[in-house]
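Have a look at the structure below, then the notes.
The values are calculated or read from the model by the stated rules, or taken from the named source; none is laboratory data. A quick note: this is a predicted structure, and the numbers were derived from the prediction, not measured. Here the Cβ positions follow ideal geometry from the backbone for every residue, glycine too, while neighbour counts run over all protein chains shown.
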Amino acid sequence: MTAPTEPQLAFLQQFGYDADLQRRWQQDLAAGRLSLATNAVTGDLLAPPPGTVQKLPGSGTKAWRELERLGRDAIGRGEVGVVVLNGGMATRFGGVVKGVVPVLGASRSFLGLCVEDVQAAAREAQGRIPLFLMNSFATLAATEQHFAQHEWFGKDPAEIVHFTQFVALRMDKKGELFRLDNGELSPYGPGHGDFPAAFRRCGALQRFLDGGGRWLLVRNVDNLGARVDPVLLGHHIQRRCEATVELAPKWPEDVGGSPFQYLGRTQLIEQVRFRPGFDPNIVDVFNTNTFWFSAQALDRDFDLGWYYVEKTVEGRKAVQVEHLVGELTAFLSTNFLQIRRSGKHTRFLPVKTPEDLAAAREEIAEMYDDGGDADA
């Protein structure tokens, strides 16, 4: 089997490339031990027991105010951090680094709005919220340059930490390394399942814990609804679970993972693991990929599964092997919480394409500017 050259290895090793794991994948592909078929679950997927999915109490009620107090006090004590998953290569957005794309004017990018939200929540609670960005080899340079260029990151400085997820190489279905038309290898980030290991390995988790950190919000860079919310944080704290998953009501066109009862435990199962013919609509909510974690619970190794994914690269089929952050629910005590999906206080506003951004810009302005007009 082909292998990277020494200069290629030197680049890959900057991002935690695991040559032994890559060889194992190549061997498993060649032997048929890794395929679309091997992704599938080995047992039945059942609807979770009644009462598994929680809902927030009504806004302004005594119970709601207590959750808000719990969350705001935790922020005020400096116990909360935010992790933004910023490693995707944004193929549906033209292959750009999505985090730096302008949303509400030139300087208010996806990442800029995230920083604004973190700083506003910290000020309101009179605390501090460190921000951690999980970049990839494809997004690190542009993201760091973006931070250096824009003054609004210095108006009310929060601790901002960059770390990187790992890197792997695409393959063909026979297990050979996939090469681009110019002969170069084709690296990729092997999924947001990198988060717990990468966050721990770089030392950021231990520094957060040593500084009194207890709770982490983990969110996608392109979900502009996933803001710091003391009420949701309070719900996570009150439930005394190691993880809280934000679930959105499922609409007819939605695809993705959901919580299912599997092997005696309610856990997130993503679409890539569904058996052919399985009807996921036995559950009426789905995963938004927004989580609250008790940080101490992440200080361990997790044996997350690796899954076969096909991508079209330069008009040819390439194979990636990826893992999923939601699979942490197979290991951690988990609180499943249904959140709002519409209106000014939505928690789920993903922007996957330029067309999505154009259509949602007015709604985004309402969320971040209290009804102000967006700057085109």
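What to note about this one:
This table checks each residue for (1) modelled with pLDDT under 95; (2) over 25 Å from Tyr188 (Cα atoms); (3) of a type in the set (S, T, N, Q).
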site	(1), (2), (3)
Asp299	no, yes, no
Gly305	no, no, no
Val313	yes, no, no
Val325	no, no, no
Arg340	yes, yes, no
Arg347	no, yes, no
Arg361	yes, yes, no
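- If you go through segment 35-86 and pick out every residue that is of a type in the set (Asp, Glu) and over 26 Å from the mean Cα position of the chain (by Cα), you end up with 2.
- Any hit, segment 280-296, residues being in contact (Cβ under 8 Å) with a residue 12 or more places away in the chain, of a type in the set (D, E, K, R) and either out of contact with any Lys or Arg (no Cβ under 9 Å at 6 or more places or on another chain) or loosely packed, with under 13 Cβ neighbours inside 10 Å (or both): no
- Meets criteria (free of Cβ contacts under 8 Å to residues at least 40 places away in the same chain, over 21 Å from Gln165 (Cα atoms) and assigned to a loop (DSSP other than H, G, I, E, B)) for Arg347: no
- Only residues that are under 24 Å from the mean Cα position of the chain (by Cα) and not small (Gly, Ala, Ser) were counted across segment 1-24, and they come to 8.
- Taking the conditions (1) at pLDDT 95 or above; (2) surrounded by fewer than 21 Cβ atoms within 10 Å (Cβ to Cβ); (3) of a type in the set (S, T, N, Q) in turn, Asn86 satisfies each one other than (2).
- Residues within segment 96-149 that are over 20 Å from Val167 (Cβ atoms), charged (D, E, K, R) and touching a residue at least 60 places away in the same chain (Cβ under 8 Å), tallied: 3
- Output for segment 159-197, where each listed residue is closer than 22 Å to Glu79 by Cβ, surrounded by 20 or more Cβ atoms within 10 Å (Cβ to Cβ) and in contact with a Phe, Trp or Tyr (Cβ under 6 Å, 6 or more places away or on another chain): Pro196
- Considering segment 262-275, and only residues there that are out of contact with any Asp or Glu (no Cβ under 9 Å at 6 or more places or on another chain) and free of Cβ contacts under 8 Å to residues at least 60 places away in the same chain, the residue that is nearest to Phe336 (Cα to Cα) turns out to be Gly264.
- Arg275 passes every criterion in (1) modelled with pLDDT of 95 or more; (2) farther than 27 Å from Arg214 by Cα; (3) in contact with a strand residue (DSSP E or B) (Cβ under 8 Å, 6 or more places away or on another chain) apart from (3).
- Summed over segment 226-267, residues that are closer than 20 Å to Ala122 by Cα and polar (S, T, N, Q) total 0.
- In segment 124-151, the residue that is surrounded by the fewest Cβ atoms within 10 Å (Cβ to Cβ) out of those that are among the aliphatic types (A, V, I, L, M) and part of a strand (DSSP E or B) is Leu131.
- Whichever residue in segment 70-101 is touching a helix residue (DSSP H, G or I) at 6+ places or on another chain (Cβ under 7 Å) and among the basic types (Lys, Arg) and, among such residues, is nearest to Glu144 (Cα to Cα): Lys98
- Among helices (runs of 4 or more DSSP H) entirely within segment 1-118, having at least 3 residues that are touching a Lys or Arg at 6+ places or on another chain (Cβ under 8 Å) and hydrophobic (A, V, I, L, M, F, W, C) singles out no element at all.
- Per-region count, segment 10-64, residues in contact with a Leu (Cβ under 9 Å, 6 or more places away or on another chain) and among the small types (Gly, Ala, Ser): 4
- In segment 223-331, counting only strands (runs of 3 or more DSSP E) that sit wholly within it, the ones holding 3 or more residues that are in contact with a Leu (Cβ under 8 Å, 6 or more places away or on another chain) and either closer than 27 Å to Thr61 by Cβ or among the basic types (Lys, Arg) (or both) span 243-249, 285-294.
- Among the residues of segment 102-123, the one identified as surrounded by fewer than 20 Cβ atoms within 10 Å (Cβ to Cβ) and either of a type in the set (Phe, Trp, Tyr) or touching a Ser or Thr at 6+ places or on another chain (Cβ under 9 Å) (or both) is Pro102.
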